[in-house]
Amino acid sequence: MEITAKKLRDFTIARCSKGPVISIYFDRGLFVSMVIFALATGRNIASIQGKYTKQCQNASMIEQQYIDQALWQIAVDLSTSMPGDVQFQRLVSVIGTVLPCDAVALFRLQDDVLVPVACHGLAPELIGRRFVPNEHPRLSAILSSKAPVRFPPDSDLPDPFDGLLACDGERSCPVHACIGCSLHIDNELVGALTFDALDRNAFASLSDSSVAAFAALAAATLRNVALIQALEQASERQHAIASDLIREARRREGDLVGSSGPMQILRRDIAMVATTDLAVLITGETGTGKELVARTIHAQSSRAEQAIVQINCAALPESVAESELFGHCKGAFTGAVADRAGKFELAHGGTLFLDEIGELPLSLQAKLLRALQQGEIQRIGADYPIKVNVRLIAATNRDLEKEVEEGRFRADLFHRLHVYPIHVPALREHKEDLAGLAGHFLEAGRYRLGVRQIDLHPLALMALQGYDWPGNVRELEHLLLRASLRACQRDRQRVIVREEDLGLPAEEVVPTKAAEIAQAQVLPEEGLREAVDDFQRQMIQAALRVNDGNWTRAARQLKLDRANLQRLAQRLGV
C-alpha cells in the first residue's frame, strides 16, 4: 500500500492502491483512523501501524514546508506595492489556508480599541465592528501577553467570535479552539492576530513558534501599510500646499495685461512655445516683466504641476555658483558639511528659470552647456553623473549676440539657448496698455494699503502717458504704489490719485496738447471752443480707459451726470 499526502490543513487524503479513499486525521483519533483503514482493506492493524507512523512523519515535514512557503509569500507581499486592505486580506487568507483553523482575524489597535482590518472565515459584518479589550476578556488577555496565548476548550471566558464563523450558517456554534497573539513594533502594541476553530483539538500540533512567526509578519505588514499611508498623506498635503502656493504666487504676480499689438504678439509666442520642451531665451529691458513671461510659459506647459525653480545668476558669487546649480557632496570643500542638491536636481521634472543668464561666469557656461546637451549634471565632489529632466528658460537684458562677439559669452551656449527667442516690449512701445496696467496695479495696491478703492484722476493718467518710462512696467508699479500712499494720507475714504501725487520729473514728461496750449506764448489757429472740445475729449477718453469703459464710474469720476456725459461724448465723437 502507498499513502501520499495531498492536502495539508487538519487532515490529508490517503490514497490506497486497493480500497477506498479515507481521510486520516493527524494527532487526533489516530488509532480510530487506523482501525477504519484496516477494516476497509482487510489488513491486520499491527502490520500497518509502523508504516503509517512513518507516513505521518513525512506528512508533517510536508506540512512544515507549506507553512514555510506561506511565510515566504507574506514576506514577499511586504515588498510589493498594493493597497493596504488588499495586503491585509492576502495575509489572513494565506494563514487561513495553511493552518488548521476555521477563522483568522487581524486587528489594528487604534485609540485603545481593536479595529478589524481583515478576516478569513468570519462573517463579513465583523469588519464593521469595534472591540474594546476591557469588554472582551480573551482579547484583553491576548494584548496583555507578548507570547501566543492558548485558551483551553472548556475556558469560561466568552469568545468574541461565537456565532460569527462563516462555516456556521445558523450562527449558533461556539468556538472551541482559540489562539491569539499580540502584535508589537519596537515594543509598542499595535494590534492582535487571532486563530479560531470549531474542533477543540485543531491547534494541538500547531507550535507557538509558528504562531509567533506569523504574528511578526502581521506586525510588519501593519507597520508597512501605516508607513506607506503616512507617506501618501504627507505627499498629498505637500502637493496641496505647493498648489496653493503656486496659485497664490500667480495671484500676486498677476497675468499679462494689455491688448495692444505688441502684447498680442507676445501672447501668441508664449502659447506657441509653451506646449513644447524647447529652451526659451527671453530678452527685454529691465522691468519689462521677463520673469512673468517665464512663469506664464511654465503655467501653460505640460510641466505646470511641477515646480519652476528660479535662480538669479547676477546675484551668484562665482565661488558658489557651481554649487547652487549642480549641488555638492559632503566634504567637497570647506563648509560642505552635508550633501546638497543643486537647482537642476530640484527642478527635475519641471522648469529651471535662469534669470540674468548674461551674468553667468564663463567657467560655468561650459558645464551648463553639458547639462543641456546630455541631460545630466555632476555634483561637486561626486564621481558619478545624475540624470535630470528639466525645461530651461533663460532671461537677459543684455545683447547676447554682442556679448558673444566680444568674447564674454560662449557662442555654443548662446545657440543652445536661442532655440526660441521671445522679446518683451518696453512700456513706451505699447502705451495704449498703460491705462489697463495702471488699473491693475491700483487694484493690487488697494489690498496692500487696506482701502476699499483707489481711483486715478484723468489728468494723472494723461501725465503717465506723457512719461517715457525708462524703468518700464516695474517703475509704473512702484510709482503708482507711492502715489496711492500719498493719496491715502489726504483722504482714505475717497482715494483718488492726482497728478501731483505721481511725483513725475517735469522735465521728462512729454506735455499733452492741452498743456502745450496753456504754456504757449502764441495761441494756435483753432479757436477757444475747439481747444475746449479737444481737452474735454481727452478727459472723457482717459476716464473711460481708467474705468474699463464703464460710463457710470467715468461719470462719477468726472462729477457729471451719466446721461449728460454720454450726450457730451456723442457730440465730441467719443
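The values are calculated or read from the model by the stated rules, or taken from the named source; none is laboratory data. Worth saying up front: this structure is predicted, and the values here are computed from it rather than measured. Positions of Cβ are backbone-derived with ideal geometry, glycine not excepted, and every protein chain shown enters the neighbour counts. To get the accessible areas, we keep the full protein, side chains included, count just its heavy atoms, and leave off ligands, DNA and RNA. Shrake-Rupley method; radii C 1.70, N 1.55, O 1.52, S 1.80 Å.
Considering only A307, T296, V280, whose Cα is most displaced toward the positive end of the charge dipole of segment 266-320, charges sitting on Cβ of Lys, Arg (+1) and Asp, Glu (-1)?
T296
Using a Förster distance of 35 angstrom, determine the FRET efficiency expected from the C-beta separation of D111 and R200, and round it to 0.05.
0.50
Express the Stokes-Einstein translational diffusion coefficient of segment 122-235 in µm² s⁻¹, to the nearest whole number, given a Kirkwood radius over alpha-carbon pairs, 37 °C and a viscosity of 0.692 mPa s.
The estimated diffusion coefficient comes to 213 µm²/s.
Given charges of +1 on the Cβ of Lys and Arg and -1 on the Cβ of Asp and Glu, with all other atoms neutral, how large is the dipole of segment 434-501 about its Cα centre, in debye to the nearest 20?
For segment 434-501, the charge dipole is close to 360 debye.
At 0.36 nm per residue, minus the direct Cα-Cα distance, what do D534 and Y420 gain on full extension? Give it in nm, one decimal, please.
Between D534 and Y420, full extension yields an extra 36.5 nm.
Could you report segment 254-425's accessible area per residue, 1.4 Å probe, as an integer in Å²?
For segment 254-425, the per-residue accessible area is 46 Å².
I'd like the per residue volume of the convex hull spanned by the Cα atoms of segment 526-572, given in cubic angstrom.
62
In whole Å, how far is the Cα centre of segment 397-451 from that of segment 319-359?
Spelled out, the Cα-based centre of one part sits 26 Å from the other.
Would segment 254-425 count as rounded, prolate or oblate if I go by the C-alpha gyration tensor, calling it rounded below 1.5 in a/c and otherwise prolate when a/b exceeds b/c, oblate otherwise?
prolate
Which order do the peptides 122-128, 176-182 take when ranked by the mean count of other beta-carbon atoms within 10 Å per residue, highest first?
So the order, starting with the most tightly packed, is 176-182, 122-128.
I'd like the carbon and sulfur percentage of the solvent accessible area for segment 264-348, probe radius 1.4 Å, heavy atoms only, ligands and nucleic acids excluded.
53
Can you send over the carbon and sulfur percentage of the accessible area for segment 380-509, probe radius 1.4 Å, protein chains only?
Carbon plus sulfur share of accessible area: 46 percent.
Based on the Cβ-Cβ distance from M82 to S260, what FRET efficiency comes out when R0 is 51 Å, to the nearest 0.05?
0.35
Suppose R0 equals 41 Å. What FRET efficiency, 1/(1 + (r/R0)^6) with r the Cβ-Cβ distance, do V337 and D277 give to the nearest 0.05?
0.70
Sequence-distant or interchain residues sharing an amide H contact under 5 Å with E376, placed H: which?
Sorted by chain and number, the residues that satisfy this are V388.
What is the spin-label model distance, in nm, from E406 to S235 if the labels are put 7 Å beyond Cα along the C-beta direction?
Rounded to a tenth, the inter-label distance reads 5.0 nm.
What nm value, rounded to one decimal, do you get for the distance between S93 and D186 when each label is placed 7 Å out toward the C-beta?
Output for this residue pair reads 3.2 nm.
Under 19 Å from a point placed 7 Å out from the Cα of C173 along the Cα-to-Cβ direction: which residues of segment 93-112 have their backbone N that close?
Answer for segment 93-112: 96-105.
Placing +1 at every Lys and Arg Cβ and -1 at every Asp and Glu Cβ, with all other atoms neutral, what dipole size does segment 526-572 have around its Cα centre, in debye to the nearest 20?
For this selection, approximately 280 debye.
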